[in-house]
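Chemist: First the structure, then my questions, so here it is.
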Amino acid sequence: MSKVVLITGGSSGIGKSTGEFLQNKGFKVYGTSRNPKSYIDSKFPLLELDVKDVASIIKAVSMVVENEGRLDVLINNAGAGITGPLEEIPDAEMKANFETNLFGPINVIKSVLPQMRVQKSGLIINVTSIAGYMGLPYRGIYSASKSALSILTETFRMELKPFNIKMTNVAPGDFATNIAAGRYHAPLKEDSPYNESYGKSLKLMDEHVDAGKDPEMMAKAVYKIINTKKPKIHYKVGDFMQKFSVVLKRILPDTVYEKMLMNHYKL
């Protein structure tokens, strides 16, 4: 029997690529989007879901269960980028990012757990970011929200083991997606003390995304995890240096690692 997969944020980027890949492998795939009618060419069904709207989450999950009678895999992929000096990002934008990148995924998890408990099986894959392993200049809120979801994955895993529900965290590096176009940018103010350094960092971030890996690399990694009997707690997917940066953070003195990051971002 084909496994039933629900992917949040399935209309573009990593979510779309993963959905198409899994569908070609014989999975029954459902994606989600805040505006599914805008993506009539989607190769798999897109349900309306806004991770900041609990009612829409419950409605979408219920629809999958009603249609298929089960839900085997949740891929918590929906997320939002945010950049800016911590001093200058409006509080409302900080909170909105955590609503999307942390509380949204938590509420999707809470909505699928009752069905997975009935089945006595299920797999939840949380898509975070390699940026969540470190505090990056002008990406602090994004790093913090993704880091929080990664840590909660560890907690959820232990709490869900008695129900045979598995959970893992997949942290991608830079991929060639439209995330840069959709993220919140704190304005680059002429009179800001951060104007020059933030401007340089912003340009560098966009260059990294433009030169990023093909999202199919993530799709293949997710497929491999789904077919793994005992998924690890953390996976990292991306180019060698981005994955190696996580290793360096563990082994280098904090100040040395900080200097390395500042040199990388030309600060």
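The values are calculated or read from the model by the stated rules, or taken from the named source; none is laboratory data. Predicted model only: the values in this text are computed from it and were never measured. Methodologically, a virtual Cβ is constructed for each residue, glycine included, from the backbone with ideal geometry; neighbour enumeration extends over all protein chains shown. Accessible surface areas use protein heavy atoms only, side chains included; no ligands, DNA or RNA. Shrake-Rupley method; radii C 1.70, N 1.55, O 1.52, S 1.80 Å.
Chemist: What FRET efficiency do you get for residue 233 and residue 117 if R0 is 30 Å and r is their Cβ-Cβ distance, rounded to the nearest 0.05?
Modeler: Details: r = 21 Å, r/R0 = 0.70.
E(calc), rounded to 0.05, equals 0.90.
Chemist: Okay, helix-only estimate at 222 nm for the chain: each DSSP H run of n ≥ 4 adds -39500 (n - 2.57), divide by all residues, round to 500 deg cm²/dmol; what do you get? Don't skip to the answer; put the middle values down first.
Modeler: Numbers: 10 runs with 126 residues, N = 267.
Result for the chain, helices only: -15000 deg cm²/dmol.
Chemist: Under the definition of Cα pairs under 8 Å and six or more residues apart, what whole-number percent is the relative contact order of segment 90-153?
Modeler: Working: 43 pairs, mean separation 23.6, N = 64.
37 percent.
Chemist: For a quick check: with amide H placed at 1.01 Å from N, whose amide H comes under 5 Å from residue 166's, ignoring anything fewer than 5 positions away on the same chain?
Modeler: Answer set, sorted by chain and number: 122, 123, 124.
Chemist: Moving to a separate point now. If you work out semi-axes √(5λ) of the Cα gyration tensor in Å from the coordinates, which of [x] 32, 20, 17; [y] 30, 24, 18; [z] 39, 17, 16 do you get?
Modeler: Correct label is [x].
Chemist: Rounded to the nearest whole Å², what accessible area per residue is found for the chain with the 1.4 Å probe?
Modeler: Working: 13440 Å² over 267 residues.
Roughly 50 Å² per residue, with all protein chains present.
Chemist: Then there is this: List the residues, sorted by chain then number, that are 5 or more residues from residue 238 or on another chain and whose placed amide H is less than 5 Å from its amide H.
Modeler: The answer is 173.
Chemist: Return, ordered by residue number, the residues of segment 65-80 whose backbone nitrogen is under 16 Å from a label point located 7 Å along Cα→Cβ of residue 52.
Modeler: Inside the label zone: 78-80.
Chemist: With angles folded into 0 to 90 degrees, how steeply does helix 104-119 sit against the dominant principal axis of the chain? Use alpha carbons for both and round to 10.
Modeler: Between the helix axis and the principal axis of the chain, the angle is about 20 degrees.
Chemist: Moving on to the next point. Over the chain, with every protein chain in place, what whole percent of the accessible area is carbon and sulfur at 1.4 Å, could you tell me?
Modeler: Numbers: 7260 of 13440 Å².
Carbon and sulfur atoms account for 54 percent of the accessible area of the chain.
Chemist: Label residue 134 and residue 67 with points 7 Å out from Cα along Cα→Cβ: what is the distance between them in nm?
Modeler: 4.1
Chemist: While we're on this one: Report the accessible area of residue 91, computed with a 1.4 Å probe over the heavy atoms of all protein chains in place, in Å² rounded to the nearest 10.
Modeler: Number for this one is 100 Å².
Chemist: Could you calculate the contour length gain from residue 190 to residue 250, that is, 0.36 nm times the residue separation minus the distance between their Cα atoms, to one decimal place in nm?
Modeler: On the way: separation 60, 0.36 × 60 = 21.60 nm, distance 3.74 nm.
Fully extending the segment from residue 190 to residue 250 adds 17.9 nm.
Chemist: Which entries in the list 16/95; 37/146; 203/259; 3/166; 16/203 go over 22 Å, if you measure between the two C-alpha atoms of each? Could you put the intermediate results ahead of the total?
Modeler: Details: 16/95 26 Å; 37/146 29 Å; 203/259 20 Å; 3/166 15 Å; 16/203 26 Å.
As for pairs spanning more than 22 Å Cα to Cα, those are 16/95; 37/146; 16/203.
Chemist: For the chain, what is the charge dipole size about the Cα centre, in debye to the nearest 20, if Lys and Arg each add +1 at the Cβ and Asp and Glu each add -1 at the Cβ? Write out the running numbers ahead of the final one.
Modeler: Details: 35 positive and 27 negative charges, 289 e Å.
It works out to roughly 1380 debye.
Chemist: Which net charge results for the neighbourhood of residue 57, defined as the other residues with beta-carbon distances under 14 angstrom from its beta-carbon, given Lys and Arg at +1 and Asp and Glu at -1? List each step's numbers first, then the result.
Modeler: Details: positive: 34, 52, 59, 110; negative: 48, 50, 53, 99.
Its environment carries a net charge of 0.
Chemist: Taking R0 as 30 Å, what FRET efficiency do you get between residue 263 and residue 95 from their Cβ-Cβ distance, rounded to the nearest 0.05?
Modeler: 0.40
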